[in-house]
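Scroll down for the structure; my scribbles are underneath it.
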Amino acid sequence: MEVVKNMFSYLNKNTNYAVLRNEEGLPNFLVSRDIDIIIEKHEFFEKLDFILNVIIESEYKILTKFENDRIFTLVCATPNNKLNIIQFDFFFQSSIFGFNLLTAKEILETKLYNGKVFHAAPFNQYLDKNLYLKFLGVNNPKKYAQLRDSLIDDSNLQQILKNKFGCESLVDFENLSVNTYRKKILIYNFTKGFTKQIKSTILFIWFYMKNNLSYKGFSIGFTGPDGAGKTTVINKIIAELEKVYSAIDLYHFRPNIIPNLGEAAQKAKLKDQVDTDYSNPHRGQKTSKINSFIRLSYYTLDYILGYIKTVRPKLVQRSIVIFDRYYSDIIADSRRSRIYLNPKFLFVFGRFFVPKLDYNILLTADSDTILIRKQELTAEGIIQINNKIDYLKDKKDYYKIENNGSAEEAAHKILSIVLDSRHKLNLK
């Protein structure tokens, strides 16, 4: 990726940095979905504008920006025909919950150069991962076993373990209980600087609160008639995004915190049987306005509870949430939801009561194309849905996409919309 080459060309000439792990092949080849770089915090922010310029001049845009007390993350992508996506993680120290494990200065003092990039010495690569996971009570990944064995007699490693934890060897350190290790971390940090540790704790709490109030993930909802190709396009988008984003959550229509209305009525003994013929979504008879409003209120409750319990926590964790149909499907396809209310009323109602998604994609195609894909549909039904889509297309955060060609083309259009929007937001 050109942006990776350009980034390391700049870093090599202008900064004191080191790649924390997986430096093999850089900057020409990637062996990981992200690149972890250690750099002192003050230097990073002094050079941040230049780093952003490298990304932009490489014709990449910033899809996600995240910052806390220990890291500044930039997920970058290019809106070419095929999405190229890369994540840069700039670490300011190795720490956890505001407690320092290794400073950037400690790691950079012993950095190595392989002729292409600077990287952390093997013992620091191991400690960076091991100290963090041990605090959480988690074992090191198996891929670190060989590195661990090669460092069993490493004098640098032994010196650090002795200075910080009073351990004479790696084996002694591994035999420390998790609670004993945590106590030693706390004692070491407070002994080194009580005031500094208090400031670090406050900074950690401040970023924790800030990032919980303003999430860094994003959500996409899809609406459109059967035959518009939603499932195929969604799968294409997920395949592109999961190159970097490890957590992508897919929902159908609603979060399903509460059961289907028919199942709820059966449990309340208001119905004897539940219609489960989901292969025919337009099978139900037209309902009255009162019945429609009851359905609307029930589904709205699920959207609200689901957003609080599952959707927003995932967005706070920087996940991507995708809905194959969302509330906008109630507006566009009343026969499916059996909510026969005025589209304008439904839109206003949703603005007030239904948690909004970041991007609402109105995916459709012309009637002839849809009828070829779904021969059981009628031209009249498709036209009705497309008319309602045309009503929604000019609303804020709604985007109409014509899928008359390939799924790849439609997915690219959608990703370009998301990428352009996120880039503008992240540069503010």
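With an 8 Å cut-off on Cα pairs and a minimum separation of 6 or more residues, tell me the relative contact order of the chain in percent.
Worked out over the chain, it gives 17 percent.
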Report summary line: log10 I(q)/I(0) for the range 76-151, Debye formula on C-alpha points only (no solvent), q = 0.12, 0.16, 0.21 Å⁻¹, two decimals, reads -0.47, -0.75, -1.03
**Report entry** Per residue convex hull volume, Cα atoms of the range 217-427, in Å³
**Finding:** 129 Å³
Query raised in the report: Mind checking the dipole of the range 217-427: about its Cα centre, +1 per Lys or Arg Cβ, -1 per Asp or Glu Cβ, Debye to the nearest 20?
Result: 860 debye
Report summary line: A student applying the Cα gyration tensor rule (rounded when a/c is under 1.5; otherwise prolate if a/b is larger than b/c, oblate if not) would label the range 375-428 oblate
Requested in this report: Quick one: compute a quarter of the convex hull surface over the Cα atoms of the chain and quote it in nm².
Outcome: 25.0 nm²
Report summary line: With x for Gly and Pro, the residue-by-residue ³J(HN,Hα) of the range 340-348, computed from phi through the Karplus equation 6.51 cos²θ - 1.76 cosθ + 1.60 at θ = phi - 60° and given in whole Hz, is 9, 10, 4, x, 5, 5, 4, 5, 5
Query raised in the report: Could you give the Stokes-Einstein D for the range 205-253 in µm² per second, using the C-alpha Kirkwood radius, 20 °C, 1.002 mPa s?
Result: 162 µm²/s
Query raised in the report: Between Glu402 and Thr110, what length in nm is gained on full extension when 0.36 nm per residue of separation is reduced by their alpha carbon distance?
Result: 99.6 nm
Report summary line: Checking rank on 3-10, 153-160, with mean other Cβ inside 10 Å and highest first, the result is 3-10, 153-160
Query - Rounded to 5, percent antiparallel among DSSP beta bridges of the chain - result: 50 percent
Requested in this report: Please go through the residue pairs Lys116/Lys236; Lys162/Lys216; Lys129/Lys314; Lys5/Lys41; Lys5/Lys396; Lys199/Lys396 and name each one whose alpha carbons sit more than 32 Å apart in this structure.
Outcome: Lys116/Lys236; Lys162/Lys216; Lys5/Lys396; Lys199/Lys396
**Report entry** Residues Arg70, Arg373 arranged by fewest to most Cβ contacts within 10 Å
**Finding:** Arg373, Arg70
Query raised in the report: Running Debye on the range 1-79 with equal point scatterers at the Cα sites and no solvent, what base-10 log of I(q)/I(0) appears at q = 0.18, 0.22 Å⁻¹?
Result: -0.76, -1.22
Query - Segments 344-357, 30-43, 82-95, 167-180 sorted - mean Cβ within 10 Å per residue, highest first - result: 82-95, 30-43, 344-357, 167-180
**Report entry** Table column - 3J(HN,Hα) (Hz), the range 295-300, Karplus curve with 6.51, -1.76, 1.60, x for Gly and Pro
**Finding:** 4, 4, 5, 5, 5, 4
Requested in this report: Compute the projected area of the convex hull of the Cα atoms of the range 2-212, averaged over all viewing directions, and report it in nm² to one decimal place.
Outcome: 12.6 nm²
Report task. Enumerate the calculated ³J(HN,Hα) couplings along the range 146-151 in order (Karplus 6.51 cos²θ - 1.76 cosθ + 1.60, θ = phi - 60°), each rounded to whole Hz, writing x wherever the residue is Gly or Pro. Result -> 5, 4, 4, 5, 6, 9
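Using only the Cα atoms of the range 116-186, build the gyration tensor, take square roots of its eigenvalues as a ≥ b ≥ c, and label the shape rounded, prolate or oblate: rounded if a/c is under 1.5, else prolate if a/b is larger than b/c, else oblate.
It is prolate, given that a/c is not under 1.5 and a/b is the larger ratio.
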Report task. Take the alpha carbon gyration tensor of the range 338-428, find the square roots of its eigenvalues, order them as a ≥ b ≥ c, and report rounded if a/c is under 1.5; if not, report prolate when a/b exceeds b/c, else oblate. Result -> oblate
Query raised in the report: How far, in degrees from 0 to 90, does helix 194-213 lean away from the longest principal axis of the Cα atoms of the chain, to the nearest 10?
Result: 10 degrees
Requested in this report: Based on the mean of other Cβ atoms within 10 Å per residue, sort peptides 361-372, 206-217, 243-254 so the most packed one is first.
Outcome: 361-372, 243-254, 206-217
Query raised in the report: If the viscosity is 0.890 mPa s and the temperature 25 °C, what translational diffusion coefficient in µm²/s does Stokes-Einstein give for the range 124-271 when Rh comes from Kirkwood over Cα pairs?
Result: 117 µm²/s
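All of the numbers you see were taken from the coordinates with simple rules; none came from a lab. Predicted, not measured: the structure shown is a model, and the values here were computed from it. Heads up, the Cβs are rebuilt from the backbone with ideal geometry, glycines too, and the neighbour counts pull from every protein chain shown.
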